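Asks: Here it is, the structure, as structure tokens.
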Amino acid sequence: MNTSLTVARRAALRARAAAPRVRSYATPTTTAPTSPAPLTSTLPEDGDPQLADYPRLPFVSKQTRPARGWEDLQFRRNYGEPLHEQEEVLSMWGPDVPVVPPQTAIRWFSVAVLGFVSLGVFCNYAHPEIPAVRREYPFDGLVSELGGLDGNKARVEQDSEAEE
């Protein structure tokens, strides 16, 4: 009986591990390390004389770090951890990390602009003509009656009967 209980427990543990877990906003999609990034990186050593022997940290935003597991939760860092030389850009208050790759964002934006322009062109060509004849005024468009300005000049009346 002891062996059947052990076998049942093992089967339950395997079933629990194989079953898909419920995902929510707070659960990470992958297992992210809770320790800070390594102090050295694979960047080429170009020898910045101002940094001297300061560790060369990778250019990774702190927004990509997991939300929990840090001594300072607001800045997602541990006390005593060296800061990057461009910390103001890579901190939690720096520019947001893009969720969508830039190429995809440009493609979506271009499709949206093309759609709006296409709709505008379609509406421009699809509107009907004016259903009435435009108004025409005698005496060279009533220029003297409207103050004599050439800016107020209407279209010249064309008399088709007088030409025949």
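Bear in mind that the values in this text are calculations on the coordinates, not laboratory data. Source: prediction; values computed, not measured. With ideal geometry, Cβ positions are generated from the backbone for all residues, glycine too; neighbour counts draw on all protein chains shown.
Asks: What shape does region 78-118 take by its C-alpha gyration tensor, where a ≥ b ≥ c are the square roots of the eigenvalues and a/c under 1.5 counts as rounded, a/b above b/c as prolate, and the rest as oblate? Can you show the working numbers first?
Replies: Working: a/c = 5.14, a/b = 4.58, b/c = 1.12.
It is prolate, given that a/c is not under 1.5 and a/b is the larger ratio.
Asks: Please label the shape of region 48-116 as rounded, prolate or oblate, based on the square roots a ≥ b ≥ c of the eigenvalues of the alpha-carbon gyration tensor (a/c under 1.5 means rounded; beyond that, a/b larger than b/c means prolate, else oblate).
Replies: Working: a/c = 4.07, a/b = 1.93, b/c = 2.11.
It is oblate, given that a/c is not under 1.5 and a/b is not larger than b/c.
Asks: What is the packing order of peptides 116-124, 79-87, taking the mean over residues of other C-beta atoms within 10 Å and listing the highest first? Before the final figure, lay out the partial values.
Replies: On the way: 116-124: 9.7, 79-87: 13.2.
Those peptides, ordered most packed to least, come out 79-87, 116-124.
Asks: While we're looking at this one, here's another question. To the nearest 20 debye, what charge dipole does region 79-148 have about its Cα centre, counting +1 at the Cβ of each Lys and Arg and -1 at the Cβ of each Asp and Glu?
Replies: Value, rounded to 20: 520 debye.
Asks: Continuing with the same structure: Please work out the FRET efficiency for the pair Ser4 and Thr64, using the Cβ-Cβ distance as r and a Förster radius of 45 Å; give the result to the nearest 0.05.
Replies: Using R0 = 45 Å, I get an efficiency of 0.40.
Asks: Round to the nearest 0.05 the FRET efficiency obtained for Gln103 and Asp48 when R0 = 30 Å and r is the Cβ-Cβ distance. All intermediate terms of the calculation are to be shown ahead of the outcome.
Replies: On the way: r = 31 Å, r/R0 = 1.03.
Taking R0 as 30 Å, the efficiency between Gln103 and Asp48 is 0.45.
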